[in-house]
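Working notes, structure below.
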Amino acid sequence: MKVPRIQILPPELVGKIAAGEVVERPASVVKELVENALDAGASRIVVELEQGGRELIRVVDDGCGIFREDLPLVFARHATSKLSREDDLNHIRSLGFRGEALAALGSVAWVRIQSRTAQESIGGQLVCDGGQLGTVAPWAGAVGTCVEVRRLFFNTPARRKFLRSVSTELAYILETVQRLALAFLGVHFRLTHEEREVLEVPGSWDRYQRVQHLFGEAIADRLLPVETATASVRVHGWIGHPEEARSSGRCQYFFVNQRYIRDRMLTHAVQEAFRGYLMVGRQPIVFLFVELPAEAVDVNVHPMKIEVRFRDQQLVYQTVLHGVREALRQLRGESAQAVRGWVSVPAAAAAPRLNDGDAVGPDVVAPGVPSASRQERPSQFTESASPAVVPVSLPCANPTGKPSATGPSVADLASRKPPTGQEQTEVRAEVASISPPSSRLSNQRSFFGTESPWRAMQLHNTYLVVEMPDGLLLVDQHALHERILYEQFREQLQAGTPARQNLLVPEPVDLTAAQAALVLEHAPALEKVALSLSEFGGSTVLVHAVPACWKRSAAELVHIVAEYLAEVARVPEPQVLLDELLKRMACRAAIKAGDPLTPEDIAFLLEHRSLVENAHHCPHGRPTALFLSKHELERQFRRLG
Ligand code: ADP
Ligand code: MG
């Protein structure tokens with residue numbers, strides 16, 4: 001083979017190669033420019049976009065500005081005002097330090113920078129067009145800097161082709177700005193797309209208000225605060241309630257000294273702390289801020305500065321682990337979870353515990369739940385002094401679908417513990433309305449295939465124990481109801497296409513800016529599953545139709561969809577998408593663990609169990625019921641020789 005000769009690359013090519021590392025897509029441009037504005041001490045940053053950033057990204061700040069005569073240096077490689085000596089690398093306090101971003105950007109786009117410092121009466125402006133540097137001209141703007149980037153990747157077609165749709169790029173940009181807005185309190189962020197406002201975060205908002213606005217009330221309401229520190233590391237922020245965990249780690253935000261980073265060690269520490277609190281495959285929501293001396297962390301390990309290295313990894317790991325564990329301890333007293341705004345009577349109040357060492361007093365209230373309602377909720381069965389077993393007659397071949405007249409009547413059962421106020425009736429009404437027994441259902445034989453009355457009881461407001469002729473059945477009430485609803489939803493689909501239910505008046509649904517962008521991007525795919533929505537302005541979408549099987553609010557469905565879309569990298573085929581959504585709809589509509597059930601509810605659940613083709617697993621693949629045979633019981637208690 002002919003030996004190739006080695007040569008030094010021309011500077012333009014070097015620039016393009018370097019740009020490849022830093023500038024991946026419009027969102028990386030926004031990140032670099034906003035970081036520069038933050039480093040310049042800006043208190044107000046406006047990002048304006050056209051075509052998802054493809055055609056225009058303009059970032060305007062009120063920071064310190066750049067001296068006119070320094071302007072050409074901005075586009076030079078390895079030119080920065082943030083480092084001067086080698087030692088500076090050991091304690092970087094700014095977001096930037098590599099002096100590469102603008103040089104890189106200038107070689108793959110048309111970039112104009114306009115700036116003025118407080119010391120100058122007239123500022124300057126300079127254009128760099130695909131690596132061609134212009135000359136500095138005067139500029140009479142306010143103190144601060146405006147950087148405008150047009151025609152991104154015009155001279156690197158491979159990169160330009162790689163860009164995705166406008167809404168996808170916009171979603172990436174939003175994510176970028178959100179991360180910065182979470183870290184930099186006191187700074188006002190504003191983002192517009194095609195002159196319409198996408199996001200606005202006032203400087204006066206504290207961190208919690210920011211989370212609330214960016215991620216929605218539902219997430220913010222159930223956050224558990226984290227706050228812990230050692231001599232040199234402080235970890236603070238929030239973790240999500242275990243029940244709010246997601247199927248992906250996309251809602252995990254880690255910051256180290258105000259820098260959003262990805263770090264396996266931190267993720268692992270959180271996972272470890274959550275061990276035992278989450279179902280398999282679930283990822284908690286995390287907003288954690290790690291603060292430590294600049295010397296204790298090396299930020300110079302990744303071109304996009306999204307990874308760092310800790311000098312004392314163990315210490316950081318342990319501090320995070322401890323902080324998150326402490327936060328989760330707040331849940332220990334929460335014997336029953338907050339359910340749709342209600343809270344069960346704490347176990348400690350219902351009955352004294354044998355081991356009360358870890359019990360948290362009744363002053364611990366799930367976040368977002370008014371403490372006044374805490375004591376009010378009746379615990380239907382557990383509080384009664386009489387035996388806690390409620391006989392439920394299962395009306396197998398009973399055409400009325402009501403418990404058989406030979407067993408104790410529903411009224412009898414209910415009168416054992418009359419409702420103390422409205423709560424009970426409401427809970428009951430809700431459960432009943434979720435899935436009214438249809439006539440078709442009541443005509444079928446029950447799973448149990450016999451008319452004799454069974455005895456069943458609810459335990460921990462979560463499980464049903466059912467006496468069977470040959471053993472006992474333990475049923476997860478949520479999993480079973482979820483399965484029933486899922487099957488019902490599926491039954492209502494004719495030939496795989498869901499029936500549409502057009503709303504008489506289109507319903508506006510408020511989302512977070514990121515959710516709105518995501519949902520609108522996938523509007524065509526959602527249309528195929530009978531969810532029809534369009535843009536309304538801001539972060540509100542307008543819902544025109546929902547699948548006919550969905551009996552709850554359009555807003556709730558759109559939130560489920562937005563959550564799902566945020567978790568998947570790619571939207572699947574309509575059939576798979578529909579099935580995924582049905583599972584989530586069923587999960588949302590089903591009674592929850594912690595919901596007290598009436599005897600009718602219990603009968604209803606057990607009765608409908610027969611109609612579920614595959615009742616052994618809920619749609620998520622968890623078992624709905626466990627069976628313990630009489631034989632096994634006898635064996636365990638050594639009744640069998
Ligand atoms: P770095 O941020 O790593 O220093 P950049 O290429 O992003 O490198 O920017 C080069 C220099 O240009 C910065 O060090 C800073 O002095 C100046 N600069 C860039 N943007 C701004 C801005 N918005 N306000 C003030 N100075 C800026
Ligand atoms: Mg920079």
Problem set entry | Lone qualifier among Gln283, Gln252, Gln258 - being at positive phi and in contact with a helix residue (DSSP H, G or I) (Cβ under 7 Å, 6 or more places away or on another chain) | Gln258
Seminar exercise, completed: The condition from (1) at pLDDT 90 or above; (2) open to solvent by 20 Å² or more (accessible area, probe 1.4 Å); (3) within 13 Å of ligand 2 (Cβ to nearest atom) that His78 misses is numbered (1)
Seminar exercise, completed: The condition of being touching a residue at least 60 places away in the same chain (Cβ under 8 Å) and in the same structural domain as His193 (by TED's automatic domain parsing) holds, among Ile45, Ile17, only for Ile45
Seminar exercise, completed: Among Thr168, Thr230, the single one that is out of contact with any Leu (no Cβ under 7 Å at 6 or more places or on another chain) and β-branched (Val, Ile, Thr) is Thr168
For this session: Could you list all residues from the stretch 154-198 that are under 15 Å from Glu24 (Cα atoms) and in contact with a Pro (Cβ under 8 Å, 6 or more places away or on another chain)?
Result: Leu163, Glu169, Tyr172, Ile173
Seminar exercise, completed: By residue number, the members of the stretch 81-93 that are more than 6 Å from ligand 1 (Cβ to nearest atom), open to solvent by 60 Å² or more (accessible area, probe 1.4 Å) and part of a loop (DSSP other than H, G, I, E, B) are Ser84, Arg85, Arg93
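Matching residues to (1) outside any helix (DSSP H, G or I); (2) out of contact with any strand residue (DSSP E or B) (no Cβ under 6 Å at 6 or more places or on another chain):
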residue: Gln178; (1), (2): no, yes
residue: Phe189; (1), (2): yes, no
residue: Val226; (1), (2): yes, no
residue: Ser232; (1), (2): yes, yes
Exercise. Of these, Pro4, Pro10, Pro26, which one is away from ligand 1 (no atom under 13 Å from the Cβ) and touching a Gly at 6+ places or on another chain (Cβ under 8 Å)?
Worked result: Pro26
For this session: For the stretch 94-113, indicate whether the set of residues that are more than 40 Å from the chain's Cα centre (by Cα) and open to solvent by less than 60 Å² (accessible area, probe 1.4 Å) is non-empty.
Result: no
Exercise. Gly65 is checked against (1) within 12 Å of ligand 1 (Cβ to nearest atom); (2) within 25 Å of Leu292 (Cα to Cα) and fails just one. What number does that condition carry?
Worked result: (2)
For this session: Go through the stretch 234-254 and give me each residue that's within 15 Å of Ile285 (Cβ to Cβ) and part of a strand (DSSP E or B).
Result: Gly237, Trp238, Ile239, Gly240, Arg246, Gln252, Tyr253, Phe254
Seminar exercise, completed: Across the stretch 474-490, the tally of residues that are open to solvent by 10 Å² or more (accessible area, probe 1.4 Å), within 18 Å of His460 (Cβ to Cβ) and not acidic (Asp, Glu) stands at 2
Exercise. Does Gln258 satisfy being touching a residue at least 60 places away in the same chain (Cβ under 8 Å), open to solvent by 50 Å² or more (accessible area, probe 1.4 Å) and among the polar types (S, T, N, Q)?
Worked result: yes
Seminar exercise, completed: Leu182 fails exactly one of (1) within 20 Å of Asn36 (Cα to Cα); (2) within 33 Å of the chain's Cα centre (by Cα); (3) in a strand (DSSP E or B), namely (3)
Seminar exercise, completed: Filtering the stretch 115-132 for residues that are within 11 Å of ligand 1 (Cβ to nearest atom) and open to solvent by 40 Å² or more (accessible area, probe 1.4 Å) leaves a count of 1
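A quick yes/no check of all residues on (1) within 27 Å of Pro293 (Cβ to Cβ); (2) within 8 Å of ligand 1 (Cβ to nearest atom); (3) assigned to a helix (DSSP H, G or I):
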{"site": "Ala18", "(1), (2), (3)": "no, no, yes"}
{"site": "Glu21", "(1), (2), (3)": "no, no, yes"}
{"site": "Asn36", "(1), (2), (3)": "yes, yes, yes"}
{"site": "Val59", "(1), (2), (3)": "no, yes, no"}
{"site": "Leu95", "(1), (2), (3)": "yes, yes, no"}
{"site": "Gly99", "(1), (2), (3)": "yes, yes, no"}
{"site": "Ala104", "(1), (2), (3)": "no, yes, yes"}
{"site": "Ile113", "(1), (2), (3)": "no, yes, no"}
Exercise. Pairs under 9 Å by beta carbon, first residue in the same structural domain as Phe289 (by TED's automatic domain parsing) in the stretch 152-179, partner buried (at least 17 other Cβ atoms within 10 Å of the Cβ), six or more apart or different chains?
Worked result: none
For this session: Within the stretch 26-49, identify whether any single residue is more than 24 Å from Phe189 (Cβ to Cβ), within 14 Å of ligand 2 (Cβ to nearest atom) and of a type outside the set (Gly, Ala, Ser), and answer yes or no.
Result: no
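Residue-by-condition table, conditions (1) modelled with pLDDT of 80 or more; (2) surrounded by 14 or more Cβ atoms within 10 Å (Cβ to Cβ):
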residue	(1), (2)
Pro547	yes, yes
Leu557	yes, yes
Ala569	no, no
Leu582	yes, yes
His617	no, yes
Thr624	no, yes
For this session: Would you be able to say whether some residue in the stretch 121-136 is within 12 Å of ligand 2 (Cβ to nearest atom), out of contact with any Pro (no Cβ under 6 Å at 6 or more places or on another chain) and either under 21 Å from Lys31 (Cα atoms) or of a type outside the set (Asp, Glu) (or both)?
Result: no
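The values are calculated or read from the model by the stated rules, or taken from the named source; none is laboratory data. A quick note: this is a predicted structure, and the numbers were derived from the prediction, not measured. FYI the Cβ positions are ideal-geometry reconstructions off the backbone, even for glycines, and counts take in every protein chain you see. Only protein heavy atoms, including side chains, enter the accessible area calculation; ligands, DNA and RNA are left aside. Shrake-Rupley method; radii C 1.70, N 1.55, O 1.52, S 1.80 Å.
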